[in-house]
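Colleague: My structure is below; once you've seen it, I'll send some questions.
No lab work stands behind these numbers, since they all come straight from the coordinates. Just so it is clear, the model here is predicted, and its values are computed rather than measured. FYI the Cβ positions are ideal-geometry reconstructions off the backbone, even for glycines, and counts take in every protein chain you see.
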Amino acid sequence: MSERRLNNSIFLMYLASINYMKAHKMTKGDFEKLDKKYEILNYIVECPDIFDSLTEEEMVEEIDNYVAS
């Protein structure tokens, strides 16, 4: 993975996690527990092109759909 792609993936993980915590009124600890169970951040790294084109609300919806599946 190139350094640019890695930096983009890290930024997307940050944005998606912040948006998700905000939308669901979660603490960082709550999100970490959810991530440990569903590997949300790993999912974002595996498909950054999807998250790169989403709005804040769509990021939250994408994560909700991933967790529900």
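Colleague: Per DSSP H run of at least 4 residues, take -39500 (n - 2.57); add these up for the chain, divide by its residues and hand me the 222 nm value, nearest 500 deg cm²/dmol.
Modeller: Helices in the chain give a 222 nm mean residue ellipticity of -25500 deg cm²/dmol.
Colleague: Straight-line reach from LYS37: which aspartates and glutamates have Cα under 14 Å away, leaving out those fewer than 8 places along the same chain?
Modeller: Hits, sequence-local ones excluded: ASP64.
Colleague: Further, regarding this structure: With +1 on each Lys and Arg Cβ and -1 on each Asp and Glu Cβ, how big is the dipole of the chain about its Cα centre, in debye rounded to the nearest 20?
Modeller: That gives a dipole near 340 debye.
Colleague: Just one of (1) 3, 18, 30, 28, 14, 5, 1; (2) 4, 17, 23, 19, 16, 12, 6, 3, 0; (3) 3, 18, 28, 27, 17, 5, 2, 0 is P(r) over Cα pairs in 5 Å bins from 0, in percent as worked out from the coordinates here. Which one is it?
Modeller: Correct label, based on the coordinates given: (1).
Colleague: What list do you get for ASP35, ASP64, ASP49 if you sort them by fewest beta carbons within 10 Å?
Modeller: On the way: ASP35 19, ASP64 13, ASP49 9.
Going from least to most buried by this count: ASP49, ASP64, ASP35.
Colleague: I want to check the label-to-label distance for LYS33 and ALA68. Put each point 7 Å from Cα in the C-beta direction and report it in nm to one decimal.
Modeller: Those two pseudo-labels are separated by 2.2 nm.
Colleague: Let me ask something additional. Count neighbours as other Cβ atoms within 10 Å of each site's Cβ, and list the trypsin sites (Lys or Arg not before Pro) in the range 8-69 that are DSSP loop with at most 12 such neighbours.
Modeller: On the way: sites: LYS22, LYS25, LYS28, LYS33, LYS36, LYS37; in loops: LYS25.
For trypsin sites (Lys or Arg not before Pro) across the range 8-69 that sit outside H, G, I, E and B with at most 12 neighbouring Cβ atoms in 10 Å, the list reads LYS25.
Colleague: Another one. For the Cα atoms of the chain, what angle does the longest principal axis make with the long axis of helix 3-23, in degrees from 0 to 90, nearest 10?
Modeller: 20 degrees
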